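Take a look at the structure below.
Computed from the coordinates by the stated procedures, all read-outs in this text should not be read as laboratory data. In this text, all values refer to a predicted model and were calculated from it rather than measured experimentally. Cβ sites come from the backbone with ideal geometry, for glycine too, and all protein chains shown count toward neighbours.
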């Protein structure tokens, strides 16, 4: 069970899931913008536009949907995940890591030993 908890909270799984969700939603925004742009600009082929979108309502709808989806993902997935990760895997305290302190002590002892010879 502990290994499964580590797997879930490691970060790669949640980061990848959030990236796929946001990427898919942003693709819809780009598709809506492209459809709107091709319907507004004269002389462009209407290949990408799925409907008559001269007023840009479809693009605004896709943009609003993206913002709502991004906020839901942030508040219901990313924020609780970050809090759980900090609870189970706390960040190291700020300052010099212990191995660096130990290496400095060894360096100082070797320098003092060189001075005694």
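Quick notes on this structure:
- Across the stretch 1-37, the residues whose backbone nitrogen lies under 13 Å from the label position 7 Å along the beta-carbon direction of residue 69 are 18-33.
- Relative counts (whole %) of C-alpha pair distances in the chain, using bins that are 10 Å wide: 11, 22, 17, 15, 13, 10, 6, 4, 1
- With both labels modelled 7 Å from their Cα along Cα-to-Cβ, the residue 113 to residue 89 distance reads 3.8 nm.
- R0 of 30 Å, Cβ-Cβ distance residue 15-residue 38: FRET efficiency to nearest 0.05: 0.30
- Degrees between helix 98-116 axis and first principal axis of the chain (Cα, 0 to 90, nearest 10): 30 degrees
- Length added when fully stretched, residue 96-residue 30, from 0.36 nm per residue minus Cα-Cα: 19.2 nm
- Packing rank of 75-84, 89-98, 102-111, where each peptide gets the mean count of other beta carbons within 10 Å, highest leading: 75-84, 102-111, 89-98
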